[in-house]
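S.K.: Just passing along the structure, written as structure tokens.
The values are calculated or read from the model by the stated rules, or taken from the named source; none is laboratory data. What you see is a predicted model, and the numbers here were worked out from it, not measured in a lab. With ideal geometry, Cβ positions are generated from the backbone for all residues, glycine too; neighbour counts draw on all protein chains shown.
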Amino acid sequence: PFYYADLIADTEIEFCLATQDPQGNWTIGITRTQTDINGIGMLSQVHYTNQGGRNAWAPNRYLNIWVADMGGGVGGRASFPGDEPLAEDGVVIDPLNFGTVGTAASSGPYNLGRTTTHEIGHYFNLEHVWGQGSPNCNNTDFVEDTPASSQTYLGECPEGDLVSCGSLEMYNNYMFYTNDACMAHFTPGQKVRMLAAIQEYRSGLLTSSGCVLTAVGEQPFGAVTVYPNPASDRLWVEGGGAINLYNLKGQLVRQQRAAPGEVFSVDVRALPAGIYYLQVWKDEQTFTQTIIKQE
């Protein structure tokens, strides 16, 4: 609602898919596990390879997200700092409510990826705006600038001025229960609480080597440059001797070799729009860069 426009915060928290696994190997940051356990996303087994799930990657250095069947009715769940065993620390999201493509639902109410936003809020120590438990005017979420609420709008996208607990509802907040299309912001107070949680409980994320991305124009191993990015036609590589290009599934979609130092192009016209990972070799060293393919 417009009357809360001054309570919209840029959290200044940025994520990336891991490009190194805990052992230092290059990765696209995604693993896939086949299981025959129905509703495994609601069970502790999802966190353990020997029980049909997949072990977490060093939870003190990676935000682990398990995308797994939750059996219907629940879109996601998350661990608050210190609440779960370290091996189970992270976020679990049902495939229907994860992202906006692939297995994501084709229509509302939970098809825009906001379930993940909401659950990561919990991961960074945010409560629902009405506090712990059921909505109640006497509860607190320990944030000063989120008004109390005695109700939710689960499955709805409300409009206009709605009052609860003597104040206007902040139903566009990510930590409310509304349709994805209604969710729009965190508050400055929530930002402070999340940043405090990172510093106190999850500071390993700030120094993790799991996300080592090379931006366009940087020269990590001599004069290697890749451009343009985003690309719709061709990628040009200057200084590298060989490249592999992978899609989000980890499939090799382009491979090219050239004389060391040669300028060469990679034809990406036939590739679907999306995110790719380019691995470049130079002088027996490699670096990885995220590439965006546009139509």
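S.K.: Scanning the stretch 106-119 for residues that are buried (at least 18 other Cβ atoms within 10 Å of the Cβ) and out of contact with any strand residue (DSSP E or B) (no Cβ under 6 Å at 6 or more places or on another chain), which turns out farthest from Lys249 (Cα to Cα)? Before the answer, list the steps.
M.R.: Step one: list which residues in the stretch 106-119 are buried (at least 18 other Cβ atoms within 10 Å of the Cβ), which gives 109-112, 114-116, 118-119.
Okay, now just the ones that are also out of contact with any strand residue (DSSP E or B) (no Cβ under 6 Å at 6 or more places or on another chain), so 109-112, 114, 118.
Working: Pro109: 27, Tyr110: 24, Asn111: 21, Leu112: 21, Arg114: 23, His118: 25 Å.
Ranking the qualifying residues of the stretch 106-119, first place goes to Pro109.
S.K.: Looking at the structure I just gave you, is Gly121 on the phi > 0 side of the Ramachandran plot, out of contact with any Lys or Arg (no Cβ under 6 Å at 6 or more places or on another chain) and not acidic (Asp, Glu)?
M.R.: Numbers: on the phi > 0 side of the Ramachandran plot: no; out of contact with any Lys or Arg (no Cβ under 6 Å at 6 or more places or on another chain): yes; not acidic (Asp, Glu): yes.
So Gly121 fails the test.
S.K.: Of all the strands (runs of 3 or more DSSP E) wholly in the stretch 254-295, which have at least 3 residues that are surrounded by 17 or more Cβ atoms within 10 Å (Cβ to Cβ) and of a type in the set (A, V, I, L, M, F, W, C)?
M.R.: 274-282
S.K.: Considering the stretch 2-35 alone, what residues qualify as being within 30 Å of Pro158 (Cβ to Cβ) and among the polar types (S, T, N, Q)?
M.R.: The answer is Thr11, and nothing else.
S.K.: Which members of the stretch 151-174 meet the condition of being exposed (fewer than 15 other Cβ atoms within 10 Å of the Cβ) and among the small types (Gly, Ala, Ser)?
M.R.: Gly155, Gly160, Gly166, Ser167
S.K.: Looking at Asp89, Asp21, Asp69, which is the one that is among the acidic types (Asp, Glu), at pLDDT below 95 and surrounded by 13 or more Cβ atoms within 10 Å (Cβ to Cβ)? Steps first, please.
M.R.: Numbers: Asp89 fails: at pLDDT below 95; Asp69 fails: at pLDDT below 95.
Going through Asp89, Asp21, Asp69 in turn, the sole match is Asp21.
S.K.: Filter the stretch 183-192 for residues that are part of a helix (DSSP H, G or I) and under 19 Å from the mean Cα position of the chain (by Cα); which is nearest to Gln23 (Cα to Cα)? Full working, then the answer.
M.R.: Quick first cut of the stretch 183-192, residues part of a helix (DSSP H, G or I) only: 188-192.
Filter once more, so that each one left must be under 19 Å from the mean Cα position of the chain (by Cα): 190-191.
Numbers: Gln190: 34, Lys191: 32 Å.
Here the answer is Lys191.
S.K.: Moving on. Here's a check for you: in the stretch 244-270, which residue that is of a type in the set (A, V, I, L, M) and in contact (Cβ under 8 Å) with a residue 24 or more places away in the chain is nearest to Thr31 (Cα to Cα)?
M.R.: This residue is Leu248.
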